[in-house]
Amino acid sequence: MTNDKVLYSKDNHLFVLLNISEPGEENGIPSNQYLIINKGKGILLDPGGFGVMPQVLHHLMKYIAPEDVVGIVLSHQDPDIVGGLSSWMEMTEAKIYVSKIWLRFLPHYGIKNMQRFIGIDDQGSDLELNDVVLKLLPAHFLHSPGQLNVYDPLSKILFTGDIGAAEYQDADFSDIFVKDFPVHRSRIEYFHRRYMSSNRAIKYWLKIISGFDIDIIAPQHGYLYKGEAQSGLLSWLDTLECGSDLLDIK
Amino acid sequence: MKYQSNIDQFHTYLNSVLSELLESQIRTRSFFTELLKYEEKTLASNLEKLSGEQQRDWQALSHSNSQLVKLGTFSWKRSINQIKELLSECDQLVRQLHQAMIDRELYEQQGMVLQGIILSHEKIENWEDFVQSILKKFHNIFEFNFFSIAFETQDGIDLYLYYMGAFPQAAKELARKELSGHLSSRLSRTKVLTIKDYQVLDIDLNNIDFSQMNSVKVDVDGGSKIWVVYWKWVIFPVIH
């Protein structure tokens, strides 16, 4: 679908969109895999489902050797994120970071070596990668009850997992950024209304990320956001009724 | 590069096949190991229902089963490691092959480019424009970022700097400093240096990461009349 694209590169620090998977591989919804590299060591964000690993690995090896992947962050527990993890655990010695609430469920993916997992507390955590301290930020109930975002203070890129995720089956991704948010909104509206738990959860998340200087919002599915598209997304989310807000209890 | 796309395809194919094989091995190992363990556990739970003869048969079967799991585990571990090593070695080999192809073609192309530039000097009117047109063509083959050539004259040295994009001022100052120093070190006596800058292309190179920069200097003529410096700055295109 698309080759790897460097979103940021300065002073031996890179933030790379590694791969946008073929839609056929994930039942019509392509997913994005990202890699943060600092001084030759990397953190892989949401490595993808079963069958996606070969193309992600191919792109990854352009930047670092698999043994230099020291960490893998799972934004949440879904199969399009965790499905290929066994292979990555075999290829690398990386520690795996995930919300602690998912630790006891992950062995159901056939995963062994749970001692390599680090459960992240609900309030989030710091994650050191050589010269940079990445922020693992809570984004719980959006949509997963244990969802994590990753903020990179050097590139000012916020990886948001499913927040901002779009359903595209026909895009060519030659330009990876949202061009026109009002047009793009139709591709994210259903997903966010149906999958995100409530506006309260969104507002809580908006409050958390308001403390960070963000240049790019990088979701796990679909186009990335910057500039007007980014502010458009955040404004739209702020007033979005979704999930339990839509349940009629009268 | 004419061979490059074939090598890229081969590289992608090789990585895909080997990593698919790896993923398949990991899945198969997991499936069979769990299956054998499950079967053994199920049979063990029914052991008391079996007759003495059947129990002896079962114990023999159970022992064979355990050996099979051990053998399989050892064999899978070895084959998975072999695939991992093969993946890494093939990747390195293809990258080296890729570089060798580039080097060979570049060597041939460079000779033609430099011959055209040097021979045309003093013969062609608007020589600076002529050089730019040659460099543009060469840039289509090899995306270098900077080219420089210097001629020694009776009065001094003329140094021509060609930027293949819009460079930040710091990069231009670096180029001037580097090349002035390079020429000074090659000359036996001080000469007046005249520097002329040209921006050949409009590509935005303001986000060049100097820490990622590699420079390749090629002195074409070792004599005292002509110096050519030819840089390839390895940069990752930053999307903004």
Handout entry: Enumerated helices (runs of 4 or more DSSP H) restricted to segment A:1-116, each holding at least 2 residues that are closer than 19 Å to A:Ala139 by Cβ
Key = A:79-82
Exercise for the section: Read through the list (1) without any contact (Cβ under 8 Å) to a residue 60 or more places away in the chain; (2) within 25 Å of A:Ser244 (Cβ to Cβ); (3) not basic (Lys, Arg), then give the number of the only condition that A:Thr160 fails. Expected result: (1)
Exercise for the section: Give segment A:1-58 a look and list any residue that's at pLDDT 90 or above, surrounded by fewer than 19 Cβ atoms within 10 Å (Cβ to Cβ) and more than 14 Å from chain B (Cβ to nearest Cβ), or say none. Expected result: A:Lys41
Practice task
Mind listing whichever residues of segment B:19-75 are within 30 Å of B:Glu89 (Cα to Cα) and away from chain A (no Cβ under 14 Å)?
Solution key: B:Val69, B:Lys70, B:Leu71, B:Gly72, B:Phe74, B:Ser75
Exercise for the section: List every residue pair whose Cβ atoms sit under 6 Å apart, with the two residues 6 or more apart in sequence or on different chains, where the first one lies in segment A:202-215 and is closer than 19 Å to A:Gly146 by Cβ and the second, anywhere, is at pLDDT 95 or above and surrounded by 15 or more Cβ atoms within 10 Å (Cβ to Cβ). Expected result: A:Ile202/A:Leu237; A:Trp205/A:Ala139; A:Trp205/A:Leu142; A:Ile208/A:Leu137
Exercise for the section: Inspect all residues belonging to segment B:48-57 and state whether any of them is within 30 Å of A:Gly49 (Cβ to Cβ), hydrophobic (A, V, I, L, M, F, W, C) and in the same structural domain as B:Gln92 (by TED's automatic domain parsing). Expected result: no
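The values are calculated or read from the model by the stated rules, or taken from the named source; none is laboratory data. Everything numeric in this text was worked out from a predicted model, so none of it was measured. Cβ sites come from the backbone with ideal geometry, for glycine too, and all protein chains shown count toward neighbours.
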